[in-house]
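Beneath this line is the structure, given in structure tokens, with notes to follow.
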Amino acid sequence: MADKANATQTGIVPNLWVEAVEPLRDFYIEKLGFDHAMGVVGKDGNLDFCIVQREGQMVMMGRPLDGGVGARRGEPLGRPVEIYLHATGIDAYHAEVTKRGVRLEKPLVTQWWGDRNFGVLDPYGYLLWFYETVAELNPPPGVTMV
């Protein structure tokens, strides 16, 4: 299994800390079309950690070993994060995801920077953007590019 996970690594892999891995894993697999790459079962029989993948992109998810979600070692809670994932054939993928009953948080649109994208919330509230670059950069009036 490790070879399968290593073969698909990308430059940045998000690691989502949650209270229960299974509901999040199931959402990514059943609703978003990800594949299970590997998992680690805890002493209680539930997943402590899991990696899912789609189009060579991985998302890790796990239960913190100390049982807490958010603050670590006395640090303040983490900041919100949005995850931007590539999807080849964005219109077909959008149709597939909505057919599976996933509610869109952000509609499918072509952005001025050339990406066609849409957003969904996972069960823990992480905003996932799926995108495909379909056009050239075309900044609207008033936007200064540097």
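Quick notes on this structure:
- Segment 104-146: proportion of alpha-carbon pairs further apart than 13 angstrom, %: 58
- Straight-distance candidates among the aspartates and glutamates for linking to Lys99, with alpha-carbon spacing under 14 Å and chain neighbours fewer than 8 residues away dropped: Glu30, Asp91.
- Phi angles of segment 82-90 translate, via the Karplus equation with coefficients 6.51, -1.76, 1.60 and θ = phi - 60°, into HN-Hα couplings of 10, 10, 10, 10, 6, 9, 5, x, 4 Hz per residue; Gly and Pro are given as x.
- Counting neighbouring beta carbons within 10 Å and listing from fewest to most, the residues Thr144, Thr133 come out as Thr144, Thr133.
Since every read-out is calculated from the coordinates, none of them should be taken as a lab result. Keep in mind that what you see is a predicted model, and the values were worked out from it rather than measured. FYI the Cβ positions are ideal-geometry reconstructions off the backbone, even for glycines, and counts take in every protein chain you see.
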